[in-house]
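Have a look at the structure that comes next, please.
The values are calculated or read from the model by the stated rules, or taken from the named source; none is laboratory data. Predicted, not measured: the structure shown is a model, and the values here were computed from it. Here Cβ is always computed from backbone atoms with ideal geometry, including for glycine, and neighbour counts include all displayed protein chains.
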Amino acid sequence: MSEKSKTLWNPMVHPGVPGSHSTLEIIKGDGNYVQNREGQWLVDGVGGLWNVNVGHNRTEVKDAIKAQLDELEYFQIFDGVTHPRVKELSDLIIDMTKPEGMARVMYSSGGSDAVETALKISRQYWKAIGQAQRYKFISLKQGYHGVHFGGASVNGNTVFRTNYEPVLPGCVHIDAPWLYRNPWNCEDPEELGQLCAKQLEAEIIFQGPETVAAFIAEPVQGAGGVIVPPANYWPLIREVCDKYGVLLIADEVVTGFGRSGSMFGVRGWGVAADIQCFAKGINSGYIPLGATVVNERVAKGIESCENFSGAVMHGYTYSGHPVACAAALASLKIVQDEDLPGNAAVQGADLLTKLQNTISEFPSVGEVRGKGLMVAIDLVTDKKSRTPVDPMSGFANQIAAVALREGVIARPVGTKIIISPPLTIGTEEVDKMVAALLQGFTEVD
Ligand code: PLP
């Protein structure tokens, strides 16, 4: 067993909860598998961290990284400077988001950065067009938008906020379109979509439409427990935002580039946001990279400002890092050539059905839900009341520990187990994941 480091401070680990993965040390990756210190190859059921979409150790991506290191390892893109890869990647992303009408890409180093950029750009947009009083953000309970102060302020789970308060003023949270648990006890998807859209409208009116900058949400809520909205939700949300001029930000850090079974999350519902946040799948995690993409409305609004407010005074030393961009170009070519969104849809549906058929009857399995290769098992102490297990009980960790022993990494997140493998998986990996989780529930539940 691997020695636990005394100097490494792992993010988001409570020392009091027995950790299923506290002895896991990953030393190698290949395709859909990673190898632990003991030499066992494990199905990477978490895709790194929802991000290794093209799988591990892809020659195409590694070659692109090496070639870029030989050519130019780094130069900045401030002051109007560019380099070839950042230009090529920007053209590619704008081409890929053509149906959404996207116009400009601003780079950063990851998802939290991409969200922070989106929030700041939203505020700047309203100032640029003379409506500085529009500063508020509305977001969803259970939402996750990263860890910077902006993201922490719009996050809909207090565990990411409480320790760091006070956060940004003017951030309010409304209910998520969650069929399994919602305040109306509504089990009809169509009706729930309408109730949630009405709640957004009511909140905008309550806050004063002239004060609301943007609504931000994940197309499918990921870390909050893979909450898949009803089909009418996103189109209705777009309508409400349009009615009051509120900007719509889609946080596609997880869903971007195929994970939910379409190239982009909101595209799955035929909706275009004004701003999209990307990271993770943009280059499958080979090098840190984030991107925030805006449509013409936002770009023109800011750029048409004649004083210096027309410059976005936001950017990072590593914005558009040449090696990260080279990795993205190679990774996105694989995503397109191998139709990984299509594979995510097919394998995700198979995984979901097989899991539902295999583990649903266990007493602690409240619901197994998902879309594409985002799947969650919701753990309860009582199926009828849908009371979640105590996150401090370590129950999810115990299941994940058995799955790990059986050769599959699944992610215990409080009261849920989350599965988000590379988008390259096939039936073999699906079956291994189902078998390992079945073993977990058989031994622990
Ligand atoms: N937004 C969403 C939807 C995420 O799931 C995450 C991370 O999981 C983030 C933002 C933050 O990204 P990062 O961890 O790269 O900062």
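Mind telling me which of the residues 287, 334 ends up being within 14 Å of the ligand (Cβ to nearest atom), over 13 Å from the mean Cα position of the chain (by Cα) and either farther than 21 Å from residue 85 by Cβ or hydrophobic (A, V, I, L, M, F, W, C) (or both)?
Checking each option against the conditions leaves just 287.
Oh, and also: Name the single residue that is farthest from the ligand (Cβ to nearest atom) among those in region 133-151 being hydrophobic (A, V, I, L, M, F, W, C) and crowded, with 23+ Cβ neighbours inside 10 Å.
It comes out as 138.
Name the single residue that is nearest to the ligand (Cβ to nearest atom) among those in region 103-132 being in a strand (DSSP E or B) and touching a helix residue (DSSP H, G or I) at 6+ places or on another chain (Cβ under 6 Å).
108
Residues in region 318-325: is at least one within 17 Å of the chain's Cα centre (by Cα) and under 25 Å from residue 420 (Cβ atoms)?
Taking every residue of region 318-325 in turn, none turns out to be within 17 Å of the chain's Cα centre (by Cα) and under 25 Å from residue 420 (Cβ atoms).
Okay, moving on. For residue 302, which of the numbered conditions (1) more than 13 Å from the ligand (Cβ to nearest atom); (2) buried (at least 24 other Cβ atoms within 10 Å of the Cβ) fails to hold?
Single failed check for residue 302: (2).
If I filter region 239-276 down to residues being touching a Leu at 6+ places or on another chain (Cβ under 6 Å) and within 23 Å of residue 194 (Cα to Cα), which single residue comes out as farthest from the ligand (Cβ to nearest atom)?
Looking at the filtered set, the residue picked out is 240.
Any chance region 343-356 includes a residue that's at pLDDT 95 or above and over 23 Å from residue 224 (Cα atoms)?
Checking region 343-356: at least one residue is at pLDDT 95 or above and over 23 Å from residue 224 (Cα atoms).
Next up: Taking only pairs six or more apart or across chains, which ones have beta-carbon atoms under 6 Å, a first residue in region 413-440 that is closer than 19 Å to residue 339 by Cβ, and a second residue that is surrounded by fewer than 21 Cβ atoms within 10 Å (Cβ to Cβ) and not polar (S, T, N, Q)?
430/350
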